[in-house]
Amino acid sequence: MADLLIELLSEEIPARMQAKAAADLKQRVTDGLVEAGLTYASAGAFHTPRRLTLSVEGLLATAPAQREERKGPRVDAPEKAVEGFLRSTGLSRDDLQIRDDKKGQVYMAIIETPGRAADGIVAEVLEKVVRNFPWPKSMRWGAGDLRWVRPLQSILCILSDESGHRVVELNIDGTRAGDVTRGHRFMSPGEFSVANFDDYAAKLKRAHVILSAKDRADHIWADATNQAFASGLEVVEDPGLLAEVAGLVEWPVVLMGEIGADFLHLPPEVLQTSMREHQKFFSVKDPKSGQIVRFVTVANRTTADEGATILAGNQKVLSARLSDARFFWDNDLRIAKSDLGQWVSALETVTFHNKLGTVADRMARVSALAREIAPLVGADPDQAALAANLAKADLQSQMVGEFPELQGLMGRYYIAEAGHPADVAAVAQEHYAPLGPSDQVPTAPLSVAVALADKLDILAGFWAIDEKPTGSKDPFALRRAALGVIRLILHNKLDLDLLALVRRALVPFATKLENTAFELLSFIHERMKVNLRDSGFRHDVIDAILGLDKGNNNLTFILSRAHALSEMLKTDDGENLLQGFKRANNILAQAEAKDGVEYSYGADVKFAETDAEKELFAALDRAETVIAPAMQAEDFATAMSAMAALRAPIDGFFNAVQVNAESQIIRRNRLNLLSRIRTICLGVADLNRIEG
């Protein structure tokens, strides 16, 4: 067994590419080794701004000899088919064997590969990987043909075992593999040799390079939070920025600086966004006020003045950036306070979609729809219409023009500064939500009304122009919009007729209303199924609820029924009732098919011959008196419980009674009795769809 160490040292790799590149190196190299017969015990990949590293432990020192039998075409196949088979195997016709097969005689290729030392295999695999590496962008330099993300400076490739280490012979366009690497570009630029991975990692650290990206991130976060805590402050969590910054430095040095007093009045989100996007700075806030008061930057080296010069330069650049943000904020505030309507009017010049009009056209539709939804969710119709009309005004602000990710949030500030109520202002930010399966769901009535109207308008509009999702393609994020509708309704336990809302949303598009409405409702149901499955519901339970004709327009009903049915099926009574229902339904279906009639009424207790029959009649009467009002009251748990209570009398009936009696009167009465079982059960859930 041997251990393999590979390092590809280059100029700086963009931070966003490093993690995937390390994973690609690991997968492609290890896959290539295994395909060549070299198995291994474990492998680990690492990345820094300048290097991709792969460590493979427990690698076979020699690939065993391999023998492969490959079946070819029939002996009487066209010549071109035989030639293609020969090319794929690398053999000549004389090397092929002829064997009998079910369909005649066929050619058989015996491909024998002798055992090979790991060195040659590693060299071949690594060269192939390097030359065909899947960088999103790559470049050529010098006179060679090799492409890499940045100029490749050196290749370290060694195999080590108990006896020592050896360099794998490899030369890629003049870059020869060795056992040498370099430390930090500025603090330890000299070369040094390594003998194995442990030696490599230890020497790198002494040369001011922390190999693990996680270790660099942990160091940055720990040092930043400690410095902030010492000043009574907190670092604003930003996992994405932390990962990015860890990819910008090999030896992180955390420095905390001041934000100029002239900028402290800016909204915290503006300061945070500006510093993150332009400078890759972390924001530091005062936990008492929530205001951003300082920043944290991460240098890539220690300095004699303990970072004072670096901080001074960063603060100077930051002041220039924040001066722009302050100008945008002050100018936007002036417009918002004096004439917010000019931004709303300007939306008439912004095309939403060439078939669906401008953003202003869309928000007029949303405003009208929100007015109608408002009373259904406990909101004021006039306020809902106003909030929808203002919701996207900030798209015309300079701040959102500079930082698009602040849309909605800045609208909340500007609408409030214009003198509107806080709940109207909040709609600008909250009507976009939820944007995904884990995003927070609005609960304020105005926000819920406008968020629903916004998403229903998107769905109705693109359905009307026949721009529906196909396969994995969903360019207008309609699946996300449907999930947003579902989560808004379920999270807020809204009692809404969704089909009626879909029809209303489609009205402005003068489309074939009914067919399109049902198609769109079906699409939302499909997303509902995904949502319920992700929440842990069985697929057959979901189908049993959605298979009902009544109640499918109300998503809250669907969820409540799914919960109740799931709980019932977890009990012995529920499982046994299911078997009794299926037995009754099968007997009934066979009789109806045979007799050509539907047994759906007329069961009379006076024709009951046994106590078991009489008890089933009584049980069905009791169940109906409970189930009907429970369903009316949307008390699905009580309805399911009453249905489960039928288990014993149904079992007793089948144990004591022969349905297909000789007397046709008794037979018809018993079949009509089974029909009552079917009708009662199917009124609660479509048990035909439950498996088992």
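The values are calculated or read from the model by the stated rules, or taken from the named source; none is laboratory data. Model, not experiment: these values are computed from the prediction. Because the Cβ atoms are built from the backbone with ideal geometry, glycine has one as well, and the counts that use them run over all protein chains shown.
Only one of Leu546, Leu565, Leu588, Leu620 is touching a Lys or Arg at 6+ places or on another chain (Cβ under 8 Å), within 14 Å of Gly683 (Cβ to Cβ) and touching a residue at least 12 places away in the same chain (Cβ under 8 Å). Can you tell me which? If you could, list the steps in order and put the result at the bottom.
Values: Leu546 fails: within 14 Å of Gly683 (Cβ to Cβ); Leu565 fails: touching a Lys or Arg at 6+ places or on another chain (Cβ under 8 Å); Leu588 fails: within 14 Å of Gly683 (Cβ to Cβ).
After ruling out the rest, the residue left standing is Leu620.
Residues that are in contact (Cβ under 8 Å) with a residue 60 or more places away in the chain and over 31 Å from the mean Cα position of the chain (by Cα), at least 2 per element: which strands (runs of 3 or more DSSP E) completely within segment 249-300 meet that? So that I can check it myself, show each step before the final result.
Working: elements: 253-258, 282-285, 292-299.
The qualifying strands (runs of 3 or more DSSP E) are 292-299.
The rows are residues; the columns are (1) surrounded by fewer than 20 Cβ atoms within 10 Å (Cβ to Cβ); (2) in contact with a Ser or Thr (Cβ under 7 Å, 6 or more places away or on another chain).
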residue	(1), (2)
Met410	no, yes
Glu417	yes, no
Ala426	no, yes
Pro437	yes, no
Leu446	no, no
Ala449	no, no
Heads up, the strands (runs of 3 or more DSSP E) in segment 23-119 (entirely inside) with at least 2 residues that are among the β-branched types (Val, Ile, Thr) and over 44 Å from the mean Cα position of the chain (by Cα) are 104-113
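Can you tell me which residues in segment 296-314 are crowded, with 16+ Cβ neighbours inside 10 Å and either of a type in the set (S, T, N, Q) or not assigned by TED's automatic domain parsing to the domain that holds Asp238 (or both)? Don't jump to the end; show me each part of the working.
Here is the first cut: in segment 296-314, the residues crowded, with 16+ Cβ neighbours inside 10 Å are 296-301, 307, 310-311, 314.
Thr297, Asn300, Asn314 - these are the residues of segment 296-314 that are crowded, with 16+ Cβ neighbours inside 10 Å and either of a type in the set (S, T, N, Q) or not assigned by TED's automatic domain parsing to the domain that holds Asp238 (or both).
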Residues (in a helix (DSSP H, G or I), touching a helix residue (DSSP H, G or I) at 6+ places or on another chain (Cβ under 7 Å) and farther than 18 Å from Ile415 by Cβ) located in segment 344-367: Glu348, Arg362, Arg365
Log entry, pairs with first residue in segment 390-404 being closer than 18 Å to Phe352 by Cβ and in the same structural domain as Thr358 (by TED's automatic domain parsing), second being of a type in the set (Asp, Glu) and surrounded by 24 or more Cβ atoms within 10 Å (Cβ to Cβ), beta carbons closer than 9 Å, six or more apart or on different chains, reads Ala391/Asp454; Val400/Asp394
Quick test of your reading of the structure: Leu146 fulfils all but one of (1) surrounded by 14 or more Cβ atoms within 10 Å (Cβ to Cβ); (2) modelled with pLDDT of 95 or more. Name the failing condition by number. (2)
Residues of segment 615-644 being exposed (fewer than 15 other Cβ atoms within 10 Å of the Cβ) and assigned to a helix (DSSP H, G or I), which ones? Ala618, Asp621, Arg622, Thr625, Ala628, Pro629, Gln632
Hey, can you tell me all the residues within segment 453-479 that are in contact with a helix residue (DSSP H, G or I) (Cβ under 9 Å, 6 or more places away or on another chain) and either over 22 Å from Ala510 (Cβ atoms) or not assigned by TED's automatic domain parsing to the domain that holds Asn531 (or both)? Pro469, Asp474, Ala477, Arg479
Taking the condition over 18 Å from Gly120 (Cα atoms) and touching a Ser or Thr at 6+ places or on another chain (Cβ under 9 Å), does Ala2 pass? no
Do we find that Leu211 is more than 34 Å from the chain's Cα centre (by Cα), more than 23 Å from Ser274 (Cα to Cα) and surrounded by 18 or more Cβ atoms within 10 Å (Cβ to Cβ) in this structure? no
Check on Arg74, within 24 Å of Ile155 (Cβ to Cβ) and basic (Lys, Arg): no
